[in-house]
Each structure stands twice: as structure tokens, then as C-alpha cells.
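Enquirer: Structure provided below as C-alpha cells; questions to follow.
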Amino acid sequence: MSTVPKRIVLVGLSGAGKSTAGRLAAEQLAARGTPWGFVDLDEEIERRAGRRVEEIFARQGEAAFRKLERAVSQELHARERLLLATGGGWVELGEVLGRFLADSELVYLRVSPAVAAARIGAEGGGRPLLAGPEPEIRLEKLLGRREAAYMQSQHTLSVDSMSPEQVASYIVALATADAGD
């Protein structure tokens, strides 16, 4: 039997279902009497900044957002029994990614750009890097840039045909050291 990880970090493109599956997993773990904290990194950044991610991008730019993302990530690294749903570009924060890879279980929720675009919606669902028409094309470019970093994860789940509940069950198995991989 494997050991329980300190943290489980969900990575992947926007639209992979990181936030949805992470929340469901946290609820399932609480129901089993083994509660884990859940943090949606973008929501935490919004709470602390007092504005939406798209506003931060529009007013201060991507660099300012990445600085906030880095700072909040560094702080969250101190927590244990944490399920962390990251934004799609989080893996590009090399030093942060390295720190979490060293002592956390990263799960790459691998989704095709076509499925992610369908989940997000025609205009990018409020995600600044996907705003405008044809988010699938932007997702393909982002995947090309990020996939090597995503693939550093200890676990990869192809989620195109998985329900959020199925993904959450896998996360629960990891959190309770019941995963069979």
C-alpha cells in the first residue's frame, strides 16, 4: 500500500475539470471522515486581489497575475492534506512546479483542445488567454507550449470521456492511498 501524499495538485488545460473534480473529491473525502482542504487557485487569487482574474489581466497584465499566482502557490505549499486546482498556465512557473513535484502528487487531467473548448464555451468562458472566437485554436497552442510540463506529473488521466465523479473517485483513491497505479 502506498503512502498518503501531502498534497494533490490538479494540472491541465482550462476546461479539463480541475475545479469541478477537486471540489467533488474534497466533498467525498469529508463524507468518508478524511477531510482534505480544497483550494481553487484562481478563486483564491481573486479573493485576495479583490477582483476577477480577467480584471487582473486587463488592468495589470499577465505578468502581475503570474506574480500573484506564484506568491499564493508558495504559501499554499506549506499546507498539507490539500487538494489544489491550478490554472492552466500554473505549470509554466518552473520553480513553483519543481517545488510541488518534489513532495506532492500532481495529476494531469489530459483533455483534448476540442473537448476543453466545448466545455468552456464559444468565447473562452471568461478566461483571459482564451477570450475571443475559436478558443480551440488557442487551446491547441497552449497545449503545445505546456504539455511537456504537464507530463512531469506523477499521474495522467485522459478525461475526455470521464465524468467529474469518475475523476473525483481517482483523486479520492490517491488521497487515501488506495490508487492502483
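Enquirer: Does PHE65 satisfy being under 22 Å from ARG145 (Cα atoms), of a type in the set (A, V, I, L, M, F, W, C), under 15 Å from the mean Cα position of the chain (by Cα) and surrounded by 13 or more Cβ atoms within 10 Å (Cβ to Cβ)?
Expert: Values: under 22 Å from ARG145 (Cα atoms): yes; of a type in the set (A, V, I, L, M, F, W, C): yes; under 15 Å from the mean Cα position of the chain (by Cα): no; surrounded by 13 or more Cβ atoms within 10 Å (Cβ to Cβ): yes.
The answer is no for PHE65.
Enquirer: Scan region 42-62 and give yes if some residue there is in contact with a helix residue (DSSP H, G or I) (Cβ under 9 Å, 6 or more places away or on another chain), open to solvent by less than 50 Å² (accessible area, probe 1.4 Å) and not in a helix (DSSP H, G or I), otherwise no.
Expert: Scanning region 42-62 turns up no residue that is in contact with a helix residue (DSSP H, G or I) (Cβ under 9 Å, 6 or more places away or on another chain), open to solvent by less than 50 Å² (accessible area, probe 1.4 Å) and not in a helix (DSSP H, G or I).
Enquirer: Answer with yes or no whether SER112 is open to solvent by less than 60 Å² (accessible area, probe 1.4 Å) and in contact with a strand residue (DSSP E or B) (Cβ under 6 Å, 6 or more places away or on another chain). Reasoning before the result, please.
Expert: Details: open to solvent by less than 60 Å² (accessible area, probe 1.4 Å): yes; in contact with a strand residue (DSSP E or B) (Cβ under 6 Å, 6 or more places away or on another chain): no.
Criteria not met by SER112.
Enquirer: Please go through region 115-127 and give me each residue that is crowded, with 18+ Cβ neighbours inside 10 Å, modelled with pLDDT under 85 and more than 16 Å from the chain's Cα centre (by Cα), ordered by number.
Expert: Scanning region 115-127 gives a single hit, GLY124.
Enquirer: Write out, first by first residue and then by second, each pair whose Cβ atoms fall under 9 Å of each other, whose residues are 6+ apart or on separate chains, and whose first residue, in region 71-100, is in a strand (DSSP E or B) while the second is basic (Lys, Arg) and open to solvent by less than 10 Å² (accessible area, probe 1.4 Å).
Expert: If the second residue must be basic (Lys, Arg) and open to solvent by less than 10 Å² (accessible area, probe 1.4 Å), the pairs left are LEU82/ARG7; LEU83/ARG7; LEU84/ARG7.
Enquirer: Count, please, the residues in region 1-34 that happen to be open to solvent by 10 Å² or more (accessible area, probe 1.4 Å) and either over 23 Å from ALA102 (Cα atoms) or in contact with an Asp or Glu (Cβ under 9 Å, 6 or more places away or on another chain) (or both). Break it down into steps so the answer makes sense when it comes.
Expert: Filtering region 1-34 down to residues open to solvent by 10 Å² or more (accessible area, probe 1.4 Å) leaves 1-6, 14-15, 17-20, 23-24, 26-28, 30-34.
Checking the rest, the ones that are also either over 23 Å from ALA102 (Cα atoms) or in contact with an Asp or Glu (Cβ under 9 Å, 6 or more places away or on another chain) (or both) come to 1-2, 5-6, 14-15, 17-20, 23-24, 27-28, 30-34.
Number of matching residues: 19.
Enquirer: Further question on the same structure: Examine region 41-48 for a residue that is within 22 Å of TYR170 (Cα to Cα) and modelled with pLDDT of 95 or more, and state whether such a residue exists.
Expert: yes
The values are calculated or read from the model by the stated rules, or taken from the named source; none is laboratory data. Treat the numbers as computed from the prediction; the structure is a model and nothing was measured. Quick reminder, even Gly has a Cβ in these numbers, built from the backbone with ideal geometry, and neighbours come from all protein chains shown. Surface accessibility is based on the protein's heavy atoms, side chains included, excluding ligands, DNA and RNA. Shrake-Rupley method; radii C 1.70, N 1.55, O 1.52, S 1.80 Å.
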